[in-house]
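Inspection log for the structure reproduced underneath, given as structure tokens.
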Amino acid sequence: MDRFYETLLQCLENQNQGQSGPRLKDPETFNEAKNRYSLWKFALQQYVAGGPGVDVWKEAFSRAHYNNGSWNFADLAAFWTELDKIFNDPNAKHTAQMKLESLKMKGSAQRYFTEFEQLVTLAYYGLNDEFVLNILQRNAREDFI
């Protein structure tokens with residue numbers, strides 16, 4: 001699996017060689033940690049979208065790694081869909097719900113509320129849901145409620 005990611009990054013690096021203009025930082029090698037997949041995917045999407053030649057890269061990647069009708073991508077969305085199937089955390093919603101319920105305000109208010117809002121979104125709740133407001137009331141410091 002490590003060879004797959006090294007090859008993917010090599011293809012991405014080759015795609016940007018010889019182009020003028022700003023260059024994005026190379027994405028990190030994905031370590032198969034499901035809880036980091038979304039961040040890695042976002043970084044890789046930004047990197048790929050950073051310049052022309054995406055279709056060339058996609059075609060080269062498909063030819064190099066998949067033959068005889070398997071793993072042929074009709075478009076970039078199909079590529080991401082396949083990666084999502086493999087690496088998205090199937091328990092992301094439940095994990096976010098559990099983290100939200102146990103999140104306590106220990107540091108700065110900004111850090112707490114940023115993480116709180118992110119977990120609310122990942123758990124598919126709304127910020128005005130009664131359940132969410134009850135968690136906020138229980139877990140934030142009283143001087144912020």
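The values are calculated or read from the model by the stated rules, or taken from the named source; none is laboratory data. Fair warning: this is a prediction, and the values are worked out from it, not measured in the lab. Quick reminder, even Gly has a Cβ in these numbers, built from the backbone with ideal geometry, and neighbours come from all protein chains shown. Accessible surface is based on the protein model in full, side chains and every heavy atom, while ligands, DNA and RNA are left aside. Shrake-Rupley method; radii C 1.70, N 1.55, O 1.52, S 1.80 Å.
Data overview
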{"quantity": "Inter-site label distance for Arg36 and Leu133 at 7 Å from Cα along Cβ, in nm", "calculated": "3.9 nm"}
{"quantity": "Protein-only accessible surface order, largest first, of Glu117, Glu130, Glu142 at 1.4 Å", "calculated": "Glu142, Glu130, Glu117"}
{"quantity": "Charge tally in the Cβ shell below 12 Å around Val132, where Lys, Arg are +1 and Asp, Glu are -1, Val132 excluded", "calculated": "-3"}
{"quantity": "Label point distance in nm, Lys85-Leu103, each placed 7 Å from Cα along Cα→Cβ", "calculated": "3.2 nm"}
